[in-house]
1. As an exercise: evaluate G141 against (1) modelled with pLDDT of 90 or more; (2) within 20 Å of N37 (Cβ to Cβ) and give the number of the one condition it does not meet.
2. Of the residues K85, K144, which is on the phi < 0 side of the Ramachandran plot, part of a loop (DSSP other than H, G, I, E, B), free of Cβ contacts under 8 Å to residues at least 60 places away in the same chain and in contact with a strand residue (DSSP E or B) (Cβ under 9 Å, 6 or more places away or on another chain)?
3. What pairs come out if I take residues in segment 119-131 that are more than 10 Å from W82 (Cα to Cα) and pair them with residues that are basic (K, R) and exposed (fewer than 11 other Cβ atoms within 10 Å of the Cβ) whose C-beta lies under 7 Å away, six or more apart or interchain?
4. Quick check on this structure: which one of Q68, Q79 is at pLDDT below 90 and part of a strand (DSSP E or B)?
5. Looking only at segment 31-55, filter to residues that are modelled with pLDDT of 50 or more and β-branched (V, I, T); which one of those is farthest from S177 (Cα to Cα)?
6. Among the residues in segment 148-159, are any polar (S, T, N, Q), assigned to a strand (DSSP E or B) and closer than 20 Å to G50 by Cβ?
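The values are calculated or read from the model by the stated rules, or taken from the named source; none is laboratory data. Bear in mind the structure is a predicted one, so any value in this text is a computation, not a measurement. FYI the Cβ positions are ideal-geometry reconstructions off the backbone, even for glycines, and counts take in every protein chain you see.
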Amino acid sequence: MKTKTIKLLVVGILCLCSLGKAIAQTNTETKTSWWKNKIAVGGNFAFNVGNRTGIVEVSPSFSLRLTQKFVTSLDVLCQYSWDNKYSISNFSYGFGLSARYTIIDNMYVYAQYTYNPYIVIDNLSENTSKGLHTGLWIGAGYTKRISTNVTVYSGIIYNVLAGPNADDNPRISGGISYQL
């Protein structure tokens, strides 16, 4: 329990530090250029495949660049997972709120809260049940602008709420965004 509390505290401090830097940088921008190159649409992809379990997630996203280094996003999550040991599969839709802060050149830190209601399908008995999964994902990665409007990014994320023995930790994630 203490480990989860410490992890949550570290994530909270990182988010607050990033937010403080974002506010300080926003004050230096002119009001006429605030919306220029600030809105982006795109999507994320994440996966984890192990010996007995796997997860594939696709999430369209709408992003707002608050500063040159700080981007926030609203994501619509579509996720499919399976567990071969128990012969069950899981399908869910949900949403996520995320923030990405570039720390050095093209390296970034990442945090995302996810809210994911799901339906579990037991493939042996053909029974179904419902549930809810929330997560606080943190991680880091690399981003690269490949044209004036298109940026790609990839990284590794970890759900600090799930604990070290969760089958879906860590995940490889990536995505693309198009600035409007």
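1. The number of the failed condition is (2).
2. It is K85.
3. Once the first residue is more than 10 Å from W82 (Cα to Cα) and sits in segment 119-131, its partners that are basic (K, R) and exposed (fewer than 11 other Cβ atoms within 10 Å of the Cβ) give I119/K130.
4. Q79
5. My answer is T53.
6. Looking for residues that are polar (S, T, N, Q), assigned to a strand (DSSP E or B) and closer than 20 Å to G50 by Cβ, one finds at least one in segment 148-159, hence yes.
Matching residues to (1) surrounded by 15 or more Cβ atoms within 10 Å (Cβ to Cβ); (2) at pLDDT below 80; (3) more than 22 Å from P60 (Cβ to Cβ):
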position: D105; (1), (2), (3): no, no, yes
position: N116; (1), (2), (3): yes, no, no
position: T128; (1), (2), (3): no, no, yes
position: Y153; (1), (2), (3): yes, no, no
position: Y158; (1), (2), (3): yes, no, yes
position: D168; (1), (2), (3): yes, yes, no
